[in-house]
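Student: Following this message is one structure expressed as structure tokens.
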């Protein structure tokens, strides 16, 4: 077994809001990985005195510990417990009901000699590389499938000149429309302060004998495929397996640098935090 991790902030002057870690149990059998992509809140009140990195470190650490130490818990149960534990850590100081309270996307996987379990919530991705060479991306597409009026708002923002007052105003309206759909029926879901959100995650189990590798990607790393179209998910998994997680992040950074104004490849951030976790089983 080989485990490799890499994560890097999109802006060196700002803290990294992504989290990636893996652990092996004391028994030496199996293991688990957890990758989170913290949601960057709009400027203004978020109802919380803590930063997004504070939140992702605590949620990710709790999720990883539970996944490894409590194998009797499903990954859904582990996520619910981790959300509850993290919420309890700042319930007395912060307004956890605030729509901008710290939150994150989640990817988790746990493996043993018999099976590989997975959980994906929101727009980070888990690539399951099978022994026949095929790659199956586990993606939560609800953020892609926003209602048509919201998608139209996004298109309107991108059609306006960057840096213009009109674009800034349209962007604020689009953000408000997206926020109204976060953790709401008909919208999409992220891990924040409500443990029940764990039940919204995509989950599954694959026989260990059918898999040879796992690759988890925050959307900042997955944009190599989804935004820049530099290759397929199979190409992405092969790149990480051959050259390591940092190689993928370096390629994303080069593509971002070639399009600093987001003109050729429209995206919310010119550079985004990126995290990659790879496990060769």
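Student: Of all residues in the range 25-39, which are surrounded by 14 or more Cβ atoms within 10 Å (Cβ to Cβ) and in a loop (DSSP other than H, G, I, E, B)?
Tutor: Matches in the range 25-39: 25, 30, 39.
Student: Taking residue 175 as meeting all but one of (1) more than 30 Å from residue 232 (Cβ to Cβ); (2) in contact (Cβ under 8 Å) with a residue 60 or more places away in the chain; (3) surrounded by fewer than 15 Cβ atoms within 10 Å (Cβ to Cβ), write down the number of the exception.
Tutor: Just one mismatch for residue 175, condition (3).
Student: Can you tell me which condition residue 47 does not meet? The list is (1) free of Cβ contacts under 8 Å to residues at least 24 places away in the same chain; (2) part of a loop (DSSP other than H, G, I, E, B); (3) under 21 Å from residue 189 (Cβ atoms), and all the others hold.
Tutor: For residue 47, the exception is condition (1).
Student: Taking residue 5, is it surrounded by 13 or more Cβ atoms within 10 Å (Cβ to Cβ), modelled with pLDDT of 95 or more, under 12 Å from the mean Cα position of the chain (by Cα) and on the phi < 0 side of the Ramachandran plot?
Tutor: Judged against the criteria, residue 5 is not a match.
Student: Being within 18 Å of residue 194 (Cβ to Cβ) and surrounded by fewer than 21 Cβ atoms within 10 Å (Cβ to Cβ) is the requirement here; does residue 91 meet it?
Tutor: yes
Student: Also, quick follow-up: So residue 63 ticks every box in (1) in contact with a strand residue (DSSP E or B) (Cβ under 9 Å, 6 or more places away or on another chain); (2) on the phi > 0 side of the Ramachandran plot but one. Which box is left unticked?
Tutor: (2) is the only condition that residue 63 fails.
Student: Follow-up question, since we're still on this one. Answer yes or no as to whether residue 186 is touching a residue at least 12 places away in the same chain (Cβ under 8 Å) and assigned to a loop (DSSP other than H, G, I, E, B).
Tutor: Taking the combined requirement at face value, the residue satisfies it.
Student: Regarding residue 276, is this residue closer than 23 Å to residue 60 by Cβ, assigned by TED's automatic domain parsing to the domain that holds residue 52 and in contact with a helix residue (DSSP H, G or I) (Cβ under 8 Å, 6 or more places away or on another chain)?
Tutor: yes
The values are calculated or read from the model by the stated rules, or taken from the named source; none is laboratory data. Model, not experiment: these values are computed from the prediction. Here the Cβ is made from the backbone with ideal geometry for all residues, glycine too, and neighbour counts use every protein chain on show.
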